[in-house]
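First up is the structure itself, then whatever we jot down about it.
The values are calculated or read from the model by the stated rules, or taken from the named source; none is laboratory data. If you're wondering where the values come from, they're calculated on a predicted model, not measured in any experiment. Here Cβ is always computed from backbone atoms with ideal geometry, including for glycine, and neighbour counts include all displayed protein chains.
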Amino acid sequence: MARDDADAGSFNSRAFYPKSPDNPSFNPTEPLSARPCARYNCSMNSSNLIHRITHPVTLIVLLAIAVGAGLWAWQWLQPHAPPSLIATTMYPKPVLLEEFELTDSQGELVSNEQFMEHWDVLFFGFTHCPDICPATLQMLSSVEKRLSQFNPDHPIRFWFVSVDPERDTPAVMSQYTKFFNPAFRAMTGPDTELRKLTAQLSIAYEIEPHEAGDDQYAVDHSSALILIDPDGRLFGVMTTPHRPAEILTDLTALASSR
């Protein structure tokens, strides 16, 4: 059967999709959006979808969700503000500790890398100290015991840093600090390493000149308490006079801040 050359290269939609009596204007080549809705479900066409979204109640709900999500994200991304403190003078910007290497009361190495994930309170002194050191350690022991009553797993560590390594061996430091509180830690080291730490913390100390082997000499030292934050940064200082109630209040607030 011969075909019309005019139709040979074209698609005859009428041959495949004849007009229906119910829909004489049906044209399958028209886009869906242009077709009549008599025989098709057009409830989800673009105009109806826009109409549904632009309904006032729907817009209010969507807006409330967007605002709530935005506020949550903003608060989550903001740095945590430090709590109000009484006894602690905070640094305007915490300063990351630089490298140093000391030895603790167990003979283990202590470096700046160990001062992470905890709040650390440092007190500098020496075991032959006649008054300031024992009084301060006794005060800190009472604070630590109260903290443990509130929270046995509190994230605060107390360090006694001896600036008299000649007399304060690891064994001596261990016995000395355990007398006040078994939870206390201690460390010391050569003068060169001690200076690396004390210079960062603005802690001063001076050992009276003496002959080798002479164990009767005086040591002058700062009595401030130094506070290191859980990111290993110099956070603040507690100067004298030390008031246990105020120190306890500050440390309790810091322990619950992270």
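Checking the conditions here, which among P165, P152, P182 is farther than 18 Å from L227 by Cβ and either at pLDDT below 95 or of a type in the set (A, V, I, L, M) (or both)?
P152
Kindly evaluate A204 against the criterion of being among the aliphatic types (A, V, I, L, M) and modelled with pLDDT under 95.
Numbers: among the aliphatic types (A, V, I, L, M): yes; modelled with pLDDT under 95: no.
No.
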Exercise. Of the conditions (1) surrounded by fewer than 20 Cβ atoms within 10 Å (Cβ to Cβ); (2) in the same structural domain as T198 (by TED's automatic domain parsing), S84 fails just one. Which one is it?
Worked result: (2)
Exercise. M139 is checked against (1) part of a helix (DSSP H, G or I); (2) more than 20 Å from I247 (Cα to Cα); (3) touching a helix residue (DSSP H, G or I) at 6+ places or on another chain (Cβ under 9 Å); (4) in contact (Cβ under 8 Å) with a residue 24 or more places away in the chain and fails just one. What number does that condition carry?
Worked result: (2)
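Report those strands (runs of 3 or more DSSP E) wholly inside the stretch 157-249 carrying at least 1 residues which are of a type in the set (A, V, I, L, M) and crowded, with 18+ Cβ neighbours inside 10 Å.
Those strands (runs of 3 or more DSSP E) span 185-188, 219-221, 225-228, 233-238.
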Exercise. Any chance the stretch 89-108 includes a residue that's in contact with a strand residue (DSSP E or B) (Cβ under 9 Å, 6 or more places away or on another chain), at pLDDT below 95 and among the aromatic types (F, W, Y)?
Worked result: yes
